Amino acid sequence: MADSSHAFGIDFGGSGIKGAPVDLSRGEFAADRIRIETPQPATPEAVAAVMHELVREAGLPKDAPVGVTVPGVVRRGTVLSAANIDRAWIGTNADALFTRTLERSVHVVNDADAAGYAEVRYGAAKDHAGLVIVTTLGTGIGSALVFGGRLLPNTELGHLEIDGHDAETKAANSVREKHDLSWEDWAQRLTVYYRTLEKLFSPDLFVVGGGVSKKADKFVHLIDVRTPIVPAELGNRAGIVGAALLARDEQQGAAPLA
Ligand code: BGC
């Protein structure tokens, strides 16, 4: 995998830690994905141990770039927020921890940034030259802002305050599930959310990602906004593919991250 067209991506999620080698010329997995249950509690050390196991199973060469997603703000390798993960992550230098545990250079990025960057490079917003806002609707709401193919990292637009509430506590997919909302009722909440984004950013395109984008035909057409809005295309591959891509770009000194 030492050539620069391949890198390894790892997606750290609430239930599973998943990794795969990625062929960056196509944005596709170069081998089967490996999945290991997320340890409970998912402290940084416990998660690092699982990632070590995953990389060992994959038999990676030492010089392969490795990218890891974390569902929180990641600034120069350090995790700065933990809305839906163990609080112990806050202040952890995850780049350093994983680089030490995995005995190779690791680049850590926000999960939605990875997914959004992958959608612009290979998926629903491929080669879009304008302002694209990718949102991931899951346990929380993640966001990625990409303009002219460049990522503005850590936008955290899931935490916009709308009508006095943290937006993701009203409109995330987990809220739809918890309250058993109909697709119509959820779409109304999403309309309020995307209209707010539209008012603030005037984007050229919204991409709706997260696991629920598999069921896009049930709700995306019900979201009433002026901006074109389309489902993500990479499904649950987006995080892994984006993390691998960002790790390769970082190794080449071209990463768009702050
Ligand atoms: C976190 C973001 C993350 C998003 C999706 C939010 O609660 O603050 O950093 O990208 O959830 O996982």
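Residues that are outside any strand (DSSP E or B) and within 15 Å of the ligand (Cβ to nearest atom) were ranked within the range 179-211; the one that is nearest to the chain's Cα centre (by Cα) is Gly210. Scanning the range 14-31 for residues being more than 10 Å from Ile240 (Cβ to Cβ) and among the aliphatic types (A, V, I, L, M) gives a total of 4.
Tell me, yes or no, whether the range 212-231 has at least one residue that is part of a helix (DSSP H, G or I), touching a Ser or Thr at 6+ places or on another chain (Cβ under 7 Å), buried (at least 23 other Cβ atoms within 10 Å of the Cβ) and not aliphatic (A, V, I, L, M). No, the conditions are met nowhere in the range 212-231. Residues that are open to solvent by 30 Å² or more (accessible area, probe 1.4 Å) and within 12 Å of the ligand (Cβ to nearest atom) within the range 107-135 comprise just one, Asp111.
This table checks each residue for (1) closer than 15 Å to Leu102 by Cα; (2) in contact (Cβ under 8 Å) with a residue 40 or more places away in the chain.
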position: Ala42; (1), (2): no, yes
position: Ala48; (1), (2): yes, yes
position: Val66; (1), (2): yes, yes
position: Pro71; (1), (2): no, yes
position: Arg76; (1), (2): no, yes
position: Ala82; (1), (2): no, no
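Among the residues of the range 103-123, the ones that are in a helix (DSSP H, G or I) and among the charged types (D, E, K, R) come to 4 in all. Looking only at the range 1-40, residues that are touching a residue at least 60 places away in the same chain (Cβ under 8 Å), farther than 20 Å from Ser105 by Cβ, small (Gly, Ala, Ser) and in a strand (DSSP E or B) come to 0 in all.
Here the range 138-150 is the region considered, the condition is being assigned to a strand (DSSP E or B) and either near the ligand (Cβ under 10 Å from one of its atoms) or modelled with pLDDT of 95 or more (or both), and the residue that is most open to solvent (accessible area, probe 1.4 Å) is Phe147. Just so you know, in the range 157-181 the residues that are of a type in the set (Asp, Glu) and surrounded by fewer than 20 Cβ atoms within 10 Å (Cβ to Cβ) include one that is farthest from Asp249 (Cα to Cα), and it is Asp180.
Among the residues of the range 97-105, is there at least one that is out of contact with any strand residue (DSSP E or B) (no Cβ under 8 Å at 6 or more places or on another chain) and open to solvent by less than 60 Å² (accessible area, probe 1.4 Å)? Checked against the condition, which is being out of contact with any strand residue (DSSP E or B) (no Cβ under 8 Å at 6 or more places or on another chain) and open to solvent by less than 60 Å² (accessible area, probe 1.4 Å), the range 97-105 yields at least one hit. Would it be correct to say that Ala96 is in a helix (DSSP H, G or I), free of Cβ contacts under 8 Å to residues at least 24 places away in the same chain and of a type in the set (A, V, I, L, M, F, W, C)? Judged against the criteria, Ala96 is a match. Looking across the range 42-91 at every residue that is part of a strand (DSSP E or B) and within 13 Å of the ligand (Cβ to nearest atom), the one that is surrounded by the fewest Cβ atoms within 10 Å (Cβ to Cβ) is identified as Arg75.
The values are calculated or read from the model by the stated rules, or taken from the named source; none is laboratory data. Bear in mind that the values here come from a model prediction, so they are computed numbers and not experimental data. For neighbour counting, all protein chains shown are included, and Cβ atoms are generated from backbone atoms with ideal geometry for every residue, glycine included. The accessibility values were calculated without ligands, DNA or RNA, using every heavy atom of the protein model including side chains. Shrake-Rupley method; radii C 1.70, N 1.55, O 1.52, S 1.80 Å.
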